[in-house]
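S.K.: Can you keep this structure in mind? I'll have questions shortly.
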Amino acid sequence: MTRLAYYRRQIRQLLILWASIVVLFSVERALMFLHFVPSSIRSQPHLETAALFTKGLLFDIKVASITIALPFLLGLLSLLHPAASRLWQRFQTALLAVLFAIVAAAAIGNWFYFSVYGHQFDVFMFGLFDEDTRAVVKTMWSDYPVIRGLIGLIAAIALFAWLLNRSTRRLNPQASASKGVWFAAVLLPILALVMGIRGSFGKFPLRQSAVYISAVQQINKLVPNALTSISWAWNDYRNSNHFAPVSEAEGAQIISQLIGKTSNADLNQFIHTTPKNPAVEQHQPNVVFAVMESMSAHLLAFDSPERNLLGSLKNHFQQDWVYHKFVSEGDGTSDSLHRFFIRSPRNNISQSTAKNKPFPTNLFTPYKQAGYRIVYITAGNGGWRDFDNFIRHLGADEIVDENTIKTRYPQAVSATWGIPDEYMFRYAADELKRAEQDGKPVFIMLLSITNHPPYQLPAPHQRQNFHLTAQEQSRLSSLAQGDTLNEVFNTYKYSNDQLGNFISQVKQNSPRTIIAATGDHNMRAISYPAPQDTALGHGVPFYLYVPPEYRAGAQYQPERAGSHKDIVPTLYALSLSQAQYYQTGCNLTAPAEDTDNPFCGYGYNPEVILTDHGFYNTKNQQYRTWQNGDTLIANPQPSTPSAADQQIIQQAIANSPFLEWQLNRIVAGTK
């Protein structure tokens, strides 16, 4: 074959790969638009549908151009020698098939990821490597149609291989051309690749900010393709382990916005002292803080006298203090735990170079200084994300996981992610009895695991058949269907019931114990395409039991808006007397009119800001009022917040940059 014949073969095969990538991602985007975006949104007048597909096409062209760039250049180099050309021809076909297989696998995986998380690949995808890989794979096998996905992948690869083979037919092996033709044949593809990789004819190349084409977040989420999302996720993941010295001037600016008045960058200003509490000084209470897996506020709304999704927890929800206008700060277990432990917005500090740093934001420090024994108990594996070592560094006296618990209770059997929650609660009850006997208070932090996919009700508990209307089944169809959805309700009720049993036992046997419980995050895979449901998509309840003798000065105001940032300050105020702590949250039991705490009056999640009157979406910058006083049900139409809420929102949106600045300040210092 002549050099030109080899070149034509290369170009044809590369064009087939390029076109296949563009078509595959464009078709997937169209199918995701039809499947994941409700008809109520698709039918909106003036919806940016055309912008979605044109901007998405640019991202597809960019990815396709990047994918073929290296094979194109290597192919050009191979033309320098006939032997290299022959060798490259044999290698290129296999290489392009492998590249297409990667692209197709990413597209299929992206579909399943979107169905669970409501968005395309992000930094959480690297949990496969950071978490218990075996458990993650088992969960994927249980929750996703892996076999069908593999069949689809094989079919796509076979079709692509057939197209590659067809492309090499009818080539003239003796083709030749003049130098001018050769020059154009090489230059034009190079220029096309450069423009394709740039993704834009304008001043700036195509970049991440280009996805924001609509006020409807569900549309923006569909703009990038799988490979683009993976690239952004990798950058976020890589940067999450990078810490840099920060500017004092920048910190002063962020903190001034956060607290609503001019300030400097001194972190000591966040050191506060709890009120004097004579009851605490006379007898220190035990404190239990339970972080419940996927304790969803949305699923709680399906509770009824016939269903009773709370089990034995129902009586305590009716008798004690529960905040429903409440959201998780993190959207994953590790995310929320890091925010609780050290107020970190990054979810991998326990595995980072910063894990052995001293953190003034340490959750355990005030309790350690007050003489408490610190016990962390999880129904899962203590080594998950290296939390056992990290929590010991933070000051925990004991780390108890499924293996420790099984030693005490041999009948406990591990499932995919850990043992049934009931054994964790039994162990915690024993620790409270020990505290009563020793006369030394204990702070216990619990992490449940049963209500985690793959959902499986522990034996020998009997399954209940939960009747759902057709409308309810449709609303939860992205979460699960049929028997699987029924199992979700069973595990949800089981975990709530076990928590309720534990609270009942504690009230009877360890009456001087303050109990707090919340969800680590909302239950995943429930889709929230309607803009008025965005806050609900992050909703978790906050339950609080305070023995009467420790309620002096405390008020229960269920209509108050709050979030995870407020739980620990609330516990400090109720259980510690005149103790210093690092304040980045609000004591929700303090009289609202008596506090000048700038962290009060709102709940914070990176995507939503709750106020007592409505919520603000930080992505589309829209505000919606509540339909009633103490739930997360908002009105469909956006509105203008009051002047007071505008001030709260302006302060609250500074939380994300503040937490990031603060973390870098603690780890890397100042410039």
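S.K.: So for region 291-400, taking the charge dipole from beta-carbon charges (+1 Lys/Arg, -1 Asp/Glu), which of Ser296, Ile399, Asn348 sits furthest toward the positive end?
M.R.: About the Cα centre, the residue reaching furthest to the positive side is Asn348.
S.K.: Give me the compactness ratio for region 288-360, meaning the Cα radius of gyration over 2.2 N^0.38 Å.
M.R.: Cα Rg divided by the expected 2.2 N^0.38 Å: 1.45.
S.K.: Using the Karplus curve 6.51 cos²θ - 1.76 cosθ + 1.60 with θ = phi - 60°, what ³J(HN,Hα) values do you get for each residue of region 78-83, in whole Hz, with x for Gly and Pro?
M.R.: 5, 6, 5, 8, x, 5
S.K.: Quick one: of Lys355/Lys433; Lys357/Lys671; Lys355/Lys493; Lys261/Lys619; Lys440/Lys507; Lys314/Lys433, which pairs are farther than 28 Å apart, Cα to Cα?
M.R.: Flagged as over cut-off: Lys355/Lys433; Lys355/Lys493.
S.K.: For the chain, give the magnitude of the charge dipole about the Cα centre (Cβ charges: +1 Lys/Arg, -1 Asp/Glu; no others), in debye to the nearest 20.
M.R.: The dipole magnitude comes to about 3320 debye.
S.K.: Once you keep just the Cα pairs under 8 angstrom separated by 6 or more residues, what percentage relative contact order results for the chain?
M.R.: Normalised by residue count, the contact order of the chain is 19 percent.
S.K.: Would you calculate, for the chain, the mean residue ellipticity at 222 nm contributed by helices, counting each DSSP H stretch of 4 or more residues as -39,500 (n - 2.57) and dividing by all residues, to the nearest 500?
M.R.: -15500 deg cm²/dmol, from helical runs alone.
S.K.: Using a 1.4 Å probe on the protein chains only, how many percent of the accessible area of region 37-87 belongs to carbon and sulfur?
M.R.: Its accessible area is 73 percent carbon and sulfur atoms.
S.K.: Okay, moving on. Calculate, for His393 and Leu188, the FRET efficiency according to 1/(1 + (r/R0)^6) with r their C-beta to C-beta distance and R0 60 Å; round to the nearest 0.05.
M.R.: With a Förster radius of 60 Å, E is 0.50.
S.K.: To the nearest 0.05, how large is the calculated FRET efficiency for Thr469 and Ala644 if R₀ is 51 Å and r is the Cβ-Cβ distance?
M.R.: After rounding, the FRET efficiency stands at 0.80.
S.K.: Which of Val667, Gln622, Ile648 sits farthest toward the positive end of the charge dipole of region 518-671, with +1 on the Cβ of Lys and Arg and -1 on the Cβ of Asp and Glu?
M.R.: Val667
S.K.: Just read off the accessible area of Thr407 with the full protein assembly in place, 1.4 Å probe, to the nearest 10 Å².
M.R.: The value for Thr407 is about 110 Å².
S.K.: On to the next question. Do me a favour and compute the ellipsoid semi-axes for region 610-671 from its Cα gyration tensor, root of five times each eigenvalue, largest one first, whole Å.
M.R.: Semi-axis lengths for region 610-671 are 31, 11, 10 Å.
S.K.: Taking the chain as the region of interest, what is the percent of Cα-Cα pairs per 10 angstrom bin, listed from the shortest bin to the one with the maximum distance?
M.R.: 3, 14, 23, 24, 17, 10, 6, 3, 1, 0
S.K.: Right, something else. Divide the volume of the convex hull of the Cα atoms of region 345-388 by its number of residues and quote the answer in cubic angstrom per residue.
M.R.: Roughly 94 Å³ of hull volume per residue.
S.K.: So, R0 is 45 Å and r is the distance between the beta-carbons of Arg12 and Phe204; what FRET efficiency does that work out to, to 0.05?
M.R.: Calculated transfer efficiency: 0.85.
S.K.: Could you check what % of the DSSP bridge pairs in the chain are antiparallel, to the nearest 5?
M.R.: Restricted to the chain, the bridges split so that about 50 percent are antiparallel.
S.K.: Placing +1 at every Lys and Arg Cβ and -1 at every Asp and Glu Cβ, with all other atoms neutral, what dipole size does region 311-350 have around its Cα centre, in debye to the nearest 20?
M.R.: The dipole magnitude comes to about 60 debye.
S.K.: What's the extension gain from Ala101 to Asn264 if we count 0.36 nm per residue and subtract their Cα-Cα distance?
M.R.: 53.3 nm
S.K.: Here's something else I'd like to know. Along region 635-644, what does the Karplus equation 6.51 cos²θ - 1.76 cosθ + 1.60 (θ = phi - 60°) give for ³J(HN,Hα), rounded to whole Hz, x for Gly and Pro?
M.R.: Here the 3J(HN,Hα) series is 6, x, 8, x, 8, 9, x, 5, 4, 5 Hz.
S.K.: About the Cα centre of region 458-577, how large is the charge dipole given +1 on each Lys and Arg Cβ and -1 on each Asp and Glu Cβ? Please answer in debye to the nearest 20.
M.R.: Once rounded to the nearest 20, the dipole reads 260 debye.
S.K.: Label-point separation (nm) for Gln411 and Thr273, each offset 7 Å from Cα along Cα-to-Cβ?
M.R.: 5.1 nm
S.K.: Another question, if that's okay. Order the following by accessible area, largest value first: Phe317, Phe489. Probe radius 1.4 Å; ligands, DNA and RNA are ignored.
M.R.: Heavy-atom accessible area, descending, gives Phe317, Phe489.
S.K.: Using the Karplus curve 6.51 cos²θ - 1.76 cosθ + 1.60 with θ = phi - 60°, what ³J(HN,Hα) values do you get for each residue of region 226-236, in whole Hz, with x for Gly and Pro?
M.R.: 4, 5, 4, 5, 5, 4, 5, 4, 5, 4, 5
S.K.: Still on this structure, I have one more. Equivalent-ellipsoid semi-axes (√(5λ), Cα gyration tensor) for region 389-545, whole Å, largest first?
M.R.: They are 32, 19, 16 Å, listed from largest to smallest.
S.K.: What figure in square angstrom, to the nearest 10, would you give for the accessible area of Val186 with a 1.4 Å probe?
M.R.: We get 40 Å² for Val186.
The values are calculated or read from the model by the stated rules, or taken from the named source; none is laboratory data. Every value quoted in this text rests on a predicted model; they were computed, and no experiment measured them. Cβ: placed from backbone, ideal geometry, glycine included. Neighbour counts: every protein chain shown. Accessible surface areas use protein heavy atoms only, side chains included; no ligands, DNA or RNA. Shrake-Rupley method; radii C 1.70, N 1.55, O 1.52, S 1.80 Å.
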